[in-house]
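Written out below as structure tokens is the structure these notes cover.
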Amino acid sequence: MLAFYYLKNCSTCKRIIKELGVGDSINLIDIKNNPISENELQFLKSLSGSYESLFSKKAQLYKKRMFKEKRLTEDDYKKLILEHYTFLKRPILVFNKNICVGNSSKAIQQAKEVLDGQK
């Protein structure tokens, strides 16, 4: 399985897609138009280790709802990601049992290495 979870209108996601050179060989999943299912989220969690690692604390709703002042549990992270697509950290690249989460330079480098290894 080679999948890339992203937002179609996100300029950062577009830049990363271009930088990684992914094309038709990858399943691009726009999380706004194709909300993540509970099974997909569980699969991503099994690869990443936690729901918190998949959760975006940069989301405007995170700030608006003042979650920073609250102590969220793994179950809270799961429910929030399923509730609204902006809570899912992006992009997420999945290849077999490898997962690269986020847009940090470290995550992008890891994604490049994963993709280079599949060629």
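At a glance:
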| item | result |
| --- | --- |
| HN-Hα J in Hz across segment 79-86 - Karplus 6.51, -1.76, 1.60, θ = phi - 60°, x for Gly and Pro | 4, 5, 5, 6, 6, 8, 4, 5 |
| Unit charges on C-beta of K, R, D, E only; dipole of segment 2-117, Debye | 600 debye |
| Cβ-based charge dipole, the chain, positive-most Cα from Ala107, Leu7, Ala59 | Ala59 |
| Environment charge at Lys68 (Cβ cut-off 15 Å; Lys +1, Arg +1, Asp -1, Glu -1) | +4 |
| For Ser56, net neighbour charge (Lys/Arg +1, Asp/Glu -1) across residues whose Cβ lies under 9 Å away | +4 |
| For the chain, calculated [θ]222 nm from helices alone, where every DSSP H run of n ≥ 4 adds -39500 (n - 2.57) | -12000 deg cm²/dmol |
| For segment 1-92, alpha-carbon Rg over 2.2 N^0.38 Å | 1.10 |
| Under 11 Å, Cβ to Cβ, from Glu38 - net charge with Lys/Arg +1 and Asp/Glu -1 | +2 |
| Fewest-first ranking of Lys57, Lys89, using other Cβ atoms within 10 Å as the exposure measure | Lys57, Lys89 |
| Cα-Cα over 30 Å, subset of Lys18/Lys64; Lys14/Lys97; Lys70/Lys112 | Lys18/Lys64; Lys70/Lys112 |
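Taken together, the values in this text are just the output of simple stated rules run on the coordinates, not laboratory data. In this text the structure is predicted, and so the values were computed from the model without any measurement. Methodologically, a virtual Cβ is constructed for each residue, glycine included, from the backbone with ideal geometry; neighbour enumeration extends over all protein chains shown.
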